Structures are given as structure tokens and as C-alpha cells.
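This report refers to the structure that appears directly beneath it.
Read-outs throughout are calculated quantities, based only on the coordinates presented, and are distinct from any laboratory measurement. All values reported here derive from a predicted model rather than from experimental measurement. Methodologically, a virtual Cβ is constructed for each residue, glycine included, from the backbone with ideal geometry; neighbour enumeration extends over all protein chains shown.
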Amino acid sequence: MIRKNKLLMAAAVVLGVVFIAGITAVAVSNYGTQSNPLVTKSYIDNVVKDDILSSVDDSLEAESSELQEKFSQQVDSATTGSLDGTPSSFETITLDNNEVIRCGVGAQIIVRSGSATCYGNGPVLTDATSGSVLNTPGDALTNNHLYVAILDKNGLRARSNGTVIMVSGSYTIYDNL
């Protein structure tokens, strides 16, 4: 009976060792396969990290040079007087009675001679000379004051033949709107 217990105990120990060895073999075979390799921290630090940093540096360098080029173009166009193709100098125009000039946002107008009233939807124009805002269409414009179009398609209506204005920015002239 003691011998039978010893034999049973030895068989249990051998069976336990075989069971643990089998589990270990299965666990080891599932990690580090060709499709799912086991990677060490030193491999990441020494190889992969350098490749990633190099790739990021190249991308940043390319983007930085592109942005610097765009910035240089904008600075050059601003110093030469035009940005995005709109004229920065004033153009002299002579309008007949009831002709309307409709301007783009930010266009600047100076009435040099004759008479004109503001045209459009309120607030129509800003008088940069006096610091006031003309809110009502039909308000008279003062000669030699600088007006700025606040909204698109706002502008002025000539109230006399031969009204001379100076315009900087985009505009369109209409007869009898």
C-alpha cells in the first residue's frame, strides 16, 4: 500500500511536470511568431524610434519650407502694394447723375467733386475721416472724406453729372439702379 501510494505520487508528479511543460511550450510558441513578432524595448529605442523621428523631421521640414514660401509671397505682395489681386492704389472715376458704384468689402472711396449719397443696406459706409458710420441709404457723402465699404455691394450713387470719385478695391458701376 505504501508502495502503491509512492507510485501514485510519482505518477502525479510526472503528470504535473508534463502538464506544465506542455502549457509552457504552447505559450512560447504563440509569442514571437512571424506574423506577430516579439519586439524588445531596445529595438524600439535604437531602430524604430530613429526611423520615426527622421520621417517626422522630413515632413516638418517640407511643410515648414512650403509655409515660409507662402509667407514670403504674401509679404512681397503686401510691400509691393497688392494682396490677392486687388489694387491698392486709387483709381479716378467720373460718374454721371444716378450712376451707382457697388463695392466689395473693404473698398475705399473718396468723393473728390460733385455730390453723392450712400447706396446699399445699413450700415452702408464708414467715414474713416470723421469716424462715423452712415447707416441710412441716401445719406449725403462729404467731399474729400475717406469712406470704407462695410458690406459687400454697398457703395454710392452720384447725384450730379461729372461726379469725380477715387476708388481703391473691387467695384462695379451700374446705370440707374
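Numerical summary
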read-out	value
Sum of -39500 (n - 2.57) over DSSP H runs of 4+, divided by residues of the chain (222 nm, nearest 500)	-12500 deg cm²/dmol
Gyration tensor (alpha-carbon) shape descriptor, segment 91-175, a/c threshold 1.5	rounded
Given charges at beta-carbon only (K, R positive; D, E negative), |dipole| of the chain in Debye	1460
Estimated distance in nm for a label pair at residue 90 and residue 53, the labels positioned 7 Å out from Cα along Cα-to-Cβ	5.9
Candidate lysines for bridging to residue 41, where Cα separation is under 18 Å - those fewer than 8 sequence places away on the same chain excluded	49
Summed residue charge, Cβ within 14 Å of residue 49's Cβ, Lys/Arg positive, Asp/Glu negative	-3
P(r) histogram, all alpha-carbon pairs of the chain included - 10 Å bins from 0, percent	9, 21, 13, 8, 7, 7, 7, 7, 6, 5, 5, 3, 1, 0
